[in-house]
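Each value in this text was obtained by applying a stated rule to the coordinates, not by laboratory testing. Predicted, not measured: the structure shown is a model, and the values here were computed from it. Methodologically, a virtual Cβ is constructed for each residue, glycine included, from the backbone with ideal geometry; neighbour enumeration extends over all protein chains shown.
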Amino acid sequence: MTMEEMYDSLLENAKNPDRTVYNRFRSGIGQHIEETVLALAPDDPGALLPLNYSERMDYIDARPCRYHSIVQLKNIYDEFNKRSASYCARR
């Protein structure tokens, strides 16, 4: 299941999301971010991470499986991909 499919599945069942899908979605995004940062900017992860990344992740981790956490995870994923593409273009 792709990130988009997991996201769509979680939003369809936002009142009672599947915890297994949520955990795979959350860990997949975290793993993608970690691997990309290590590959592109191990000395300066701030160049790739979205603004307020740690505060947003704290919010998500404090409220797992909630609609706003699901949406915020997707936003972080999208912002990170845009920032990493921009970083690669500038290098």
From GLU5, GLU55, GLU79, residue being loosely packed, with under 11 Cβ neighbours inside 10 Å and assigned to a helix (DSSP H, G or I):
GLU55
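Within region 16-32, identify whether any single residue is out of contact with any helix residue (DSSP H, G or I) (no Cβ under 8 Å at 6 or more places or on another chain), outside any helix (DSSP H, G or I) and farther than 28 Å from ARG91 by Cα, and answer yes or no. Talk me through it step by step, then tell me what you get.
We begin by selecting, within region 16-32, every residue out of contact with any helix residue (DSSP H, G or I) (no Cβ under 8 Å at 6 or more places or on another chain); these are 16, 19-20, 23, 27, 30-31.
Next cut, outside any helix (DSSP H, G or I) only: 16.
Right, trim to farther than 28 Å from ARG91 by Cα and you get 16.
So far as region 16-32 goes, yes, one or more of its residues are out of contact with any helix residue (DSSP H, G or I) (no Cβ under 8 Å at 6 or more places or on another chain), outside any helix (DSSP H, G or I) and farther than 28 Å from ARG91 by Cα.
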Here the qualifying pairs (Cβ atoms under 8 Å; residues six or more apart or on different chains; first in region 39-55 and touching a residue at least 40 places away in the same chain (Cβ under 8 Å); second surrounded by 10 or more Cβ atoms within 10 Å (Cβ to Cβ) and not in a helix (DSSP H, G or I)) come out as LEU40/LEU48; ALA41/LEU48; ALA47/ALA41
Assess whether PRO64 counts as being touching a Cys at 6+ places or on another chain (Cβ under 9 Å) and either free of Cβ contacts under 8 Å to residues at least 24 places away in the same chain or surrounded by 13 or more Cβ atoms within 10 Å (Cβ to Cβ) (or both).
no
